[in-house]
1. If I model a spin label as a point 7 Å beyond the Cα along the Cα-Cβ vector, how far apart are those points for His29 and Asp11 in nm?
2. Please report, as a whole percent, how much of the solvent-accessible surface of the chain comes from carbon and sulfur atoms (probe radius 1.4 Å).
3. Which order do Asp30, Asp97, Asp24 take by accessible area at a 1.4 Å probe, largest first?
4. Only bridges with both residues in the chain count here: give the DSSP antiparallel percent, nearest 5.
5. Non-local amide H neighbours of Leu88 (under 5 Å, H modeled in plane, Pro and chain starts lacking H): which ones?
6. Would you kindly give the portion of the calculated P(r) for the chain that falls above 19 Å, as a percent of all Cα pairs?
7. What does the accessible area per residue of the stretch 9-68 come to in Å², with a 1.4 Å probe and no ligands, DNA or RNA counted?
8. Given a Förster distance of 41 angstrom, what is the FRET efficiency for Ser79 paired with Lys22, based on the Cβ-Cβ distance and rounded to 0.05?
Amino acid sequence: MNKIYYLASCDTCRKIIKSLPKSDSLVFHDIKQNPITSEELEIMGQLAGSFEALFSRKAQLYKSLDLKNTALTEADFKSYILSHYTFLSRPVFVIDDKIYIGNSQKVILEVHKALS
């Protein structure tokens, strides 16, 4: 199953979604309305190679909790992502058992190719 994990209130996510080729095989998962489960995060972590790869250091909570001055472990990254949606880098696409994380132009181009 092809899936996008995104935040509906995020302008960048909305812009990316608008640009996607039409695909009936893509399931949309708003992480604020429907938080990701531990099982979903496990799968994403395996595909990404680590939970750190899925972790957003741009989140306001990251700054307000002063996490940059804390040595975070893989268990910490997983725990923070599960505790609040803002810690997940967005969007995350899982397409044909490959993962695409973030909103860089390179990643979005790869997503477009994978969906075409």
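1. In this crude label model, His29 to Asp11 measures out at 2.7 nm.
2. Carbon and sulfur: 50 percent of the exposed surface of the chain.
3. Largest to smallest exposure gives the sequence Asp24, Asp97, Asp30.
4. Antiparallel: roughly 60 percent of the beta bridges in the chain.
5. So Leu88 has HN proximity to Ser56.
6. 43 percent
7. 65 Å²
8. For R0 = 41 Å, the calculated efficiency reads 0.65.
The values are calculated or read from the model by the stated rules, or taken from the named source; none is laboratory data. Because the structure is a prediction, the values reported are computed rather than measured. With ideal geometry, Cβ positions are generated from the backbone for all residues, glycine too; neighbour counts draw on all protein chains shown. Heads up: the accessible areas ignore ligands, DNA and RNA and are worked out on the full protein's heavy atoms, side chains in. Shrake-Rupley method; radii C 1.70, N 1.55, O 1.52, S 1.80 Å.
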